[in-house]
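Let me begin by presenting the structure, written as structure tokens, before commenting on it.
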Number of protein chains: 2
Amino acid sequence: MDGVAVQRETVALPGPCSRIPVENADIVRQILDRVGDKWTLMVIATLRGGVMRYTDLLRAIPGISQRMLSRTLAQLHHDGLITRTAYAEVPPRVEYALAPLGDSLNDIVVSLIDWAITHHDEIRQHRARFDTAGEH
Amino acid sequence: MDGVAVQRETVALPGPCSRIPVENADIVRQILDRVGDKWTLMVIATLRGGVMRYTDLLRAIPGISQRMLSRTLAQLHHDGLITRTAYAEVPPRVEYALAPLGDSLNDIVVSLIDWAITHHDEIRQHRARFDTAGEH
DNA sequence: CCGCATCCGGCGTGATACTG
DNA sequence: CAGTATCACGCCGGATGCGG
């Protein structure tokens with residue numbers, strides 16, 4: 001029902017793309033489904049500190065459950081963003097680290113963390129003002 | 001199996017934090033709870049195109065439901081990331097646009113989109129290889 | 001007519017307990 | 001220590017309805 005001619009050539013890789021073509025929106029959505037959920041970015045951000053073990057991550061990321069950590073790590077490993085090294089020892093030891101692909105997200109994650117820390121007060125204030133204002 | 005552990009030291013990167021202190025982890029998590037869910041970044045990314053109406057966003061973001069769009073928009077407005085302008089007309093018209101706070105996310109969003117477009121093939125290949133390899 | 005709140009069904013999520 | 005199995009809850013999505 002759209003009937004619009006789609007510009008297929010608009011890839012716009014060099015520099016900031018000014019607009020998202022409809023077909024890229026789908027790609028972006030798929031990726032954001034992976035890296036854009038709450039825990040994935042937290043795990044990647046935490047792994048910036050270096051090689052980490054399962055329980056280290058569990059402690060380093062407040063609020064995450066074992067289930068979601070396992071799931072997230074498996075998915076990140078599955079997508080090639082992190083490496084998983086299991087040592088057949090007793091006690092068992094599994095180390096996780098950023099793979100090159102995950103490392104390429106590093107700058108973005110840092111920026112996002114930066115943004116979060118910089119603006120979270122502003123957001124809180126905005127939200128508070130909103131609450132007091134429109135409490136009807 | 002893999003068996004190769006990646007040597008990775010704590011590299012200082014541009015920005016205040018090269019590592020995430022535990023206390024900041026909580027802040028980051030809170031922000032990522034807001035901004036890191038599937039739809040929020042998609043909405044922000046889509047709004048980069050300029051002022052948009054509700055149904056425009058609905059069409060521009062494939063897969064989103066009316067419910068989630070309303071919710072996401074309300075939250076973004078609530079947090080001060082976007083502006084909402086309702087015109088008391090017939091037919092009614094509601095326009096959404098990025099507020100300065102949301103606009104400050106622009107660069108990050110663009111980077112993320114760029115990353116998504118650049119690496120989604122790589123991720124797919126990794127995933128496919130993983131599937132064929134360890135189908136156990 | 002558009003925007004969006006509400007109601008219900010399904011699934012993902014989270015806490016606990018258990019296994020290797 | 002690392003991860004899975006189980007179950008109950010809550011959130012997501014689709015349809016409906018109403019207000020402006």
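The values are calculated or read from the model by the stated rules, or taken from the named source; none is laboratory data. Treat the numbers as computed from the prediction; the structure is a model and nothing was measured. Cβ sites come from the backbone with ideal geometry, for glycine too, and all protein chains shown count toward neighbours. Quick note on the areas: whole protein, heavy atoms, side chains included, nothing else; ligands and nucleic acids left out. Shrake-Rupley method; radii C 1.70, N 1.55, O 1.52, S 1.80 Å.
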Here is a list of conditions, (1) over 20 Å from B:PHE130 (Cα atoms); (2) away from every other protein chain (no Cβ under 12 Å); (3) crowded, with 17+ Cβ neighbours inside 10 Å, and A:LEU73 meets all of them except one; can you say which number that is?
(1)
Reported set for the stretch B:78-102 where residues are within 14 Å of chain A (Cβ to nearest Cβ), more than 9 Å from DNA strand D (Cβ to nearest atom) and assigned to a strand (DSSP E or B) is B:ILE82, B:THR83, B:ARG84, B:LEU98
Looking for something of a type outside the set (D, E, K, R), over 22 Å from A:SER111 (Cβ atoms) and away from DNA strand C (no atom under 16 Å from the Cβ) - is there at least one such residue anywhere in the stretch A:56-75?
no
Expected single match for modelled with pLDDT under 90 and within 11 Å of chain A (Cβ to nearest Cβ) among B:ILE64, B:ILE31 is B:ILE31
Hey, any hits in the stretch B:126-135 for a residue that's open to solvent by less than 20 Å² (accessible area, probe 1.4 Å) and either part of a helix (DSSP H, G or I) or away from DNA strand D (no atom under 16 Å from the Cβ) (or both)?
no
Take the residues of the stretch A:36-50 that are assigned to a loop (DSSP other than H, G, I, E, B) and modelled with pLDDT under 90: which is most open to solvent (accessible area, probe 1.4 Å)?
A:ASP37
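Yes/no matrix, rows are residues, columns are (1) surrounded by 17 or more Cβ atoms within 10 Å (Cβ to Cβ); (2) touching a residue at least 24 places away in the same chain (Cβ under 8 Å); (3) within 16 Å of DNA strand C (Cβ to nearest atom):
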{"site": "A:LEU81", "(1), (2), (3)": "yes, yes, no"}
{"site": "A:ALA86", "(1), (2), (3)": "no, no, yes"}
{"site": "A:VAL94", "(1), (2), (3)": "no, yes, yes"}
{"site": "A:LEU98", "(1), (2), (3)": "yes, yes, no"}
{"site": "A:ASP103", "(1), (2), (3)": "yes, no, no"}
{"site": "A:VAL110", "(1), (2), (3)": "yes, yes, no"}
{"site": "A:THR118", "(1), (2), (3)": "no, no, no"}
